[in-house]
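One structure is given here, and the rest of the page talks about it.
Laboratory data are not the source of any read-out in this text; all were calculated from the coordinates shown. A quick note: this is a predicted structure, and the numbers were derived from the prediction, not measured. Every residue, glycine among them, receives a Cβ derived from its backbone with ideal geometry; neighbour counts consider all protein chains shown.
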């Protein structure tokens, strides 16, 4: 399914930061938690996802390397202006290219690693997209990689709605 940029632009233009509502011909409308739960089937009950954007003591690069076994280069790839990890943002397409495909004879550890990377792509590209074009803020990595056993007990729908409001309010 391709995104309709004209529709997206029209909706953003009708967003009112002060009231968190869209101003349409029919009147004011907003996105509710119930809407998010119904459309995404994300859990809305459970522990709140509260995470600091402050980077870990050893930096995001080491945090990611320790949990995924991937070394992140400090230099940008040819044709890019910034490296895959820049200003607490991880370039998701780089991560996908780097990891490659899961081998047929994968071990349990490799399968878990791929599951984590799949969730990173899902969260960064679908649930919590931003205007950066494929980058994901590393604070989500702390939730996805740091608390692996608690992921299912989190209220992902609430976090998704908060992110939608936050990103809409950043639009000019």
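Structure summary
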quantity: With Cα atoms, 0 to 90° folded angle of helix 156-170 axis to the chain main axis; calculated: 70
quantity: Relative contact order for region 1-105, counting Cα pairs under 8 Å that sit 6 or more residues apart, in percent; calculated: 9
quantity: Cα-derived Rg over Rh, computed across region 81-140 with Rh taken as Kirkwood radius; calculated: 1.01
quantity: FRET efficiency estimate (nearest 0.05) - Cβ-Cβ, residue 12 to residue 147, R0 30 angstrom; calculated: 0.35
quantity: The chain: most fluctuating residue of 64, 49, 31 per GNM, C-alpha cutoff 10 Å; calculated: 31
quantity: For the chain, built as a Gaussian network whose Cα springs stay under 10 Å, the top-fluctuating residue of 102, 119, 68; calculated: 102
quantity: Ellipsoid semi-axes in whole angstrom, largest first, where each is sqrt(5λ) of the Cα gyration tensor of region 1-140; calculated: 33, 19, 17
quantity: Gaussian network model of the chain, springs between alpha carbon atoms under 10 Å - residue of 35, 47, 108 with greatest fluctuation; calculated: 108
quantity: Using alpha-carbon coordinates, inclination of helix 108-122 to the longest axis of the chain, degrees; calculated: 30
